[in-house]
1. With +1 on each Lys and Arg Cβ and -1 on each Asp and Glu Cβ, how big is the dipole of the chain about its Cα centre, in debye rounded to the nearest 20?
2. Expressed as a rounded percentage, what relative contact order does the chain have, with Cα pairs under 8 Å and six or more residues apart?
3. Testing the spin-label approximation: label points 7 Å from Cα along Cα→Cβ at Gln43 and Ala114. State their distance in nm.
4. Could you work out the helix-only [θ] at 222 nm for the chain, with each DSSP H run of four or more residues adding -39,500 (n - 2.57) and the total divided by the number of residues, to the nearest 500 deg cm²/dmol?
5. Can you tell me the 0 to 90 degree angle between the C-alpha axis of helix 123-166 and the longest principal axis of the chain, rounded to 10?
6. Against the longest principal axis of the chain, how steep is helix 50-64, in degrees 0 to 90 to the nearest 10, with axes from Cα atoms?
7. Order these by the 10 Å Cβ neighbour count, fewest first: Asp116, Asp14.
8. Within 10 Å of each residue's Cβ, count the other Cβ atoms and sort Arg60, Arg83, Arg119 from fewest upward.
Amino acid sequence: MPGVRDISADAFIDAYASHLKRSGKIEVPTWVDLVKTGHFKEQAPYDPDWYYVRAAAVARHIYLRKHVGIGALTKLHGGRNRRGFRPSHHANSSASVQRKVCQSLEKIGVLEKAPDGGRRISQDGQRDLDRIATAVAETAKGEEEEEEDEEEEEDDEAAAEDDSDDE
């Protein structure tokens, strides 16, 4: 049975973000269309569903590790702070956004607070993420089989044309 580690990160994050949006359980704050995700950014995200994508990325990151705190998440989602003609440096993302995402995921039961600090994935959250990963792996497998079938049909057609040309 394939798990979260076995599939690509972007495929899983896209699938889990769409699952979170479809389920409607996660409560999106009112300020998501106004806020920048870090002080080094110039504009807010263009994607209107960026909060779901961030929640899916945070859930996957915490799934792959035991305990993760808000500071580690800010470092993970940080980026390059362009400082004009001076050299660029790394800057952390907004801790408030990371905290609110974790609180939203805690509210729906995907994450829980660890006794020694940070957040960890809950039993229900692990089951949910494994189920989504299995579904993504099955769809990828089905697409690969369809591509192989199409290639075989093209090869058969090409071989049939070659045979008709020989006669």
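Since every read-out is calculated from the coordinates, none of them should be taken as a lab result. Computed from a predicted model, the values in this text were never measured in an experiment. Cβ coordinates were reconstructed from backbone atoms using ideal geometry, including for glycine residues, and neighbour counts include every protein chain displayed.
1. Value, rounded to 20: 4180 debye.
2. Values: 174 pairs, mean separation 43.5, N = 167.
Reported relative contact order: 26 percent.
3. The answer from the label model is 3.8 nm.
4. Working: 5 runs with 94 residues, N = 167.
The helix contribution divided over the chain gives -19000 deg cm²/dmol.
5. 30 degrees
6. Between the helix axis and the principal axis of the chain, the angle is about 90 degrees.
7. On the way: Asp116 8, Asp14 15.
Listed from fewest to most nearby Cβ atoms, that is Asp116, Asp14.
8. Working: Arg60 19, Arg83 11, Arg119 25.
With the sparsest Cβ surroundings first, the list reads Arg83, Arg60, Arg119.
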